[in-house]
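Structure first, then comments.
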Amino acid sequence: MSVHVHFLSDLDSLPICESAFCESAKVSYMEVVRAMSSQDKFGIYGRPTWASHPALASLDACKARCLSYKNVFVFTTLTNLKSSYDIKGWAEAAHTHELLTKEVAGIFRSDYADALVLAVGACNNCDSCTYPEAPCRNRDEMLPSIEAYGILVTRLARDC
């Protein structure tokens, strides 16, 4: 059984809309995305955390870390909103996606403890982040922001 089939069977019961494995070399890394995340242009970060730029390594170092893996797994979720102005619905969808990302991380890390798992948006593990005054309280649970790695989620989903 291939590794991909093994993981996909473990993920079958989860509310994933679309998913794919693709080669890590196909991922695009853009400084403009990283800059937008650090300026909170997406409106989802609030303030910098240990999981976002500038706390993370350089874009080249983030890219090198991603390229140290042969493949990436990408998944999407789908939420029906009342309208595009449904702020409460957007927040609930983001929270649901974050919980699902943590569940997917657990599945991958059960076989690959060092799996790099990136999340959409800000880290919400703690009520308040210690950045930059003190080290991260939950380093093992922290999921770095995919945007802080310079990866545009919509392009990644399209390309994979």
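Scan region 39-54 and give yes if some residue there is open to solvent by 30 Å² or more (accessible area, probe 1.4 Å), touching a residue at least 12 places away in the same chain (Cβ under 8 Å) and more than 24 Å from Asp127 (Cβ to Cβ), otherwise no.
No, the conditions are met nowhere in region 39-54.
Among the listed residues Pro132, Pro144, which satisfies the condition of being closer than 12 Å to Ser52 by Cβ and surrounded by fewer than 12 Cβ atoms within 10 Å (Cβ to Cβ)?
Criteria check complete, one pass: Pro132.
Which ones in region 11-35 are assigned to a loop (DSSP other than H, G, I, E, B) and open to solvent by 80 Å² or more (accessible area, probe 1.4 Å)?
Asp12, Ser13, Pro15
Whether any residue in region 55-70 is in a loop (DSSP other than H, G, I, E, B), farther than 24 Å from Glu31 by Cα, out of contact with any strand residue (DSSP E or B) (no Cβ under 9 Å at 6 or more places or on another chain) and open to solvent by 40 Å² or more (accessible area, probe 1.4 Å) is what I want to check.
no
Give the residues of region 111-129 that are outside any loop (DSSP other than H, G, I, E, B) and closer than 12 Å to Ser52 by Cα, sorted by residue number.
Across region 111-129, the qualifying residue is only Ala119.
Filter region 74-106 down to residues that are within 13 Å of Ala119 (Cβ to Cβ) and of a type in the set (A, V, I, L, M, F, W, C) and give me whichever is most open to solvent (accessible area, probe 1.4 Å).
Leu99
Of everything in region 147-160, what is under 14 Å from Arg34 (Cα atoms) and surrounded by 18 or more Cβ atoms within 10 Å (Cβ to Cβ)? Give them in sequence order.
Within region 147-160, Glu147, Ala148, Tyr149, Gly150, Ile151, Leu152 meet the criteria.
The values are calculated or read from the model by the stated rules, or taken from the named source; none is laboratory data. Keep in mind the model is a prediction, meaning the values are calculated, not measured. Every residue, glycine as well, gets a Cβ built from its backbone with ideal geometry; the counts of neighbours run over all protein chains shown. The protein model used for the area step is the full one, side chains on, heavy atoms only, and it has no ligands, DNA or RNA in it. Shrake-Rupley method; radii C 1.70, N 1.55, O 1.52, S 1.80 Å.
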